[in-house]
Amino acid sequence: MSRSPFFSTVRRMLQTAWVSDQSGVPVDELSEHLEGLGSASRRDFLQVSLGVAAAAVLPFGASACRAQPRAEGQGAIRVAVIGAGMAGLHCAYRLKQAGVIADVYEASKRVGGRMFTARGKYADEQVAELGGELINTNHVAMHALARELDVQVDDLLANAPEGYHHEIFYFEGREILESEIIEAFKPLAQTMAATVKLAEAQDDEFKRVDAMNIVQWLDAQGVEPILKRILIEAYTAEYGRDAEEQSVFNLLYLIDFETTDSFLLLGESDERFHVHSGNDTLTTRLAMELGAQISLETVLVGIKQESNQSYTLSLERAGEPILERYEHVVLAIPFTTLRKVRLEVEMDALKREVIEQVDYGTNAKLMSGFSSRVWREEHNAAGTAITDGGFHCIWDTSRGQGGAGGLLTNFVGGTSGMRMGQGTPEERLVELLPRVEQIFPGAAAAYVEGSAIRMHWPSVPYALGSYTCYSPGQWAYYGQEGRRVGNLHFAGEHCSQDFQGFMEGACETGLLAAAEVLDDLKVPVPVSALGVLEHKLRYAQACYHGDRDKPLRAGQRRRAGRQRRALPALASLV
């Protein structure tokens, strides 16, 4: 999976190298085939998969008549949701549809969490995303929720002109051709496949490989220097930590070595959709449905498990302590902030270790306005580039938006992500602009002075990072983040086995956690929720009765995840 426009290209190129090597089809022929297959297959996939969902979806609130609402007064089961980001809001929304009214507590002054849209900063009502930005074709929960809430989602590739230059790899002062990178990938893909196969068959070997970082492993393989540089820049931006601080499995699991299916080269991650009015429109709409259930600026200080298995929450609002007792608590906040909460709860050692130790990226974003879209008008390019020099990734956020002006986003991680928080946004832009000019000549003259804004997620008090990133040795945590502890349930991107680090991960785990609570209460899951993720509710997994799941090796869990992602509709497309 990938979280930024260029990274899906890295993944596709590596998978293309693998398929070409295994099938004997030359790279150029395979690339031409995929180019022709891409748009139609993605479009059909989305239509069919959402069609499956829509067939089961009832209008908002229609499912509540199937459920038994929470009885008010003595003996009522109380449910709390901590965090009003996508995961927490979606959880509370689905609970409400089933007649269970949860109290939602949010520490900050706004809802939305890491879905955060900047409005009113740029001409022509263009918006910039300070947090999660792009939605994949296979992010079915996000697409279905947008349809349910009547929120417009734009296909950013729908009107791409002929010959459009989608991504540029600019290293050592020149553009590196995609065909050159794919050829360099071929021997590496073979080695990656062999490493994964052996590691997944032997637990000791898995631990040994997991202990290696990406740079160590690449050095051991004698990878070509230019390919090594591309991968280091790509992974630092994509996962948010320097490549020296990442488990090599972040690289090894980039592609699926068990298939040569051409659809999977395209369908896994394409970053082609965006909410027209800004992504936090979805969380705002959810908050409107919940209304007074949400309490802002209310900080969770501690959780104490009582003898009757209920939980007393120690909260603080405007400096005043608040105590509330609940039978079920959904923790939909990053583990970076949960670590600050006093947990007087029975919890196994592994779960506590995951909460305390799992790492997060240090991604940051720098947005800047331009009087025209030079990259498109003069270079017939999408505005997406990966480059060296610590600049990592650039893309066009004005795609699909009205007006003549352009808007570029610079996305960085690791050391560069931390440095992005220093000085002023304009100072960081002054450093970036010469590189943009090298890649897209004429861009510097079109820059609108003073238009730079940034978002530095590592320093946001109730985020303290961008999203989950496994450091060496931490792939042992995979699937543990969302596993419940008693009646403490977990949701958020970090809890998703299939979409960790994505808005989809937050969206789907919010629903799965709600379904887990409803199952405990013997309340039917809303039909609308079944329409979104019925295929996932057939399996025990991290956020849905993960405590009942049999212990599996990492490879077995990964394959199970791939089966969950393969909707029944997929068979008609391949």
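The values are calculated or read from the model by the stated rules, or taken from the named source; none is laboratory data. Bear in mind the structure is a predicted one, so any value in this text is a computation, not a measurement. Glycine also receives a Cβ, built like all others from the backbone with ideal geometry; neighbour counts cover every protein chain displayed.
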*Test set (1) in contact (Cβ under 8 Å) with a residue 24 or more places away in the chain; (2) in contact with a helix residue (DSSP H, G or I) (Cβ under 6 Å, 6 or more places away or on another chain); (3) outside any strand (DSSP E or B); (4) closer than 30 Å to GLN216 by Cβ - GLU167 fails condition number*: (3)
*Just name the residue that is farthest from GLY361 (Cα to Cα) out of those in the range 449-464 that are in contact (Cβ under 8 Å) with a residue 40 or more places away in the chain and not hydrophobic (A, V, I, L, M, F, W, C).*
SER451
*asked:* When you scan the range 484-495, do you find a residue that is assigned to a strand (DSSP E or B) and crowded, with 24+ Cβ neighbours inside 10 Å, even just one?
replied: yes
*Please specify each residue of the range 452-473 satisfying the condition of being out of contact with any helix residue (DSSP H, G or I) (no Cβ under 7 Å at 6 or more places or on another chain) and outside any strand (DSSP E or B).*
TRP457, SER459, VAL460, PRO461
*What residue, among those in the range 430-451 that are part of a helix (DSSP H, G or I) and over 21 Å from ALA237 (Cα atoms), is nearest to the chain's Cα centre (by Cα)?*
ALA443
*Residue list for the range 278-309, restricted to those being buried (at least 17 other Cβ atoms within 10 Å of the Cβ) and either in a loop (DSSP other than H, G, I, E, B) or β-branched (Val, Ile, Thr) (or both)*: GLY278, ASN279, THR281, THR283, THR284, ILE294, THR298, VAL299, ILE303
*What residue, of VAL345, VAL374, VAL412, is in contact (Cβ under 8 Å) with a residue 60 or more places away in the chain and in the same structural domain as HIS494 (by TED's automatic domain parsing)?*
VAL345
_So TYR462, is it of a type in the set (Ser, Thr, Tyr) and buried (at least 20 other Cβ atoms within 10 Å of the Cβ)_ = no
*Scanning the range 100-135 for residues that are of a type in the set (Lys, Arg) and closer than 20 Å to LEU331 by Cβ, which turns out surrounded by the fewest Cβ atoms within 10 Å (Cβ to Cβ)?*
ARG110
_Tell me yes or no: at least one residue of the range 436-444 is within 18 Å of ARG339 (Cβ to Cβ), buried (at least 24 other Cβ atoms within 10 Å of the Cβ), touching a Phe, Trp or Tyr at 6+ places or on another chain (Cβ under 8 Å) and touching a residue at least 24 places away in the same chain (Cβ under 8 Å)._
no
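Residue-wise test of (1) buried (at least 19 other Cβ atoms within 10 Å of the Cβ); (2) touching a helix residue (DSSP H, G or I) at 6+ places or on another chain (Cβ under 6 Å); (3) among the small types (Gly, Ala, Ser); (4) within 30 Å of LEU331 (Cβ to Cβ).
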| residue | (1), (2), (3), (4) |
| --- | --- |
| HIS392 | yes, yes, no, no |
| LEU407 | yes, no, no, no |
| GLY423 | no, no, yes, no |
| ALA476 | no, no, yes, yes |
*Which residue out of VAL341, VAL329 is surrounded by 15 or more Cβ atoms within 10 Å (Cβ to Cβ) and out of contact with any Phe, Trp or Tyr (no Cβ under 8 Å at 6 or more places or on another chain)?*
VAL341
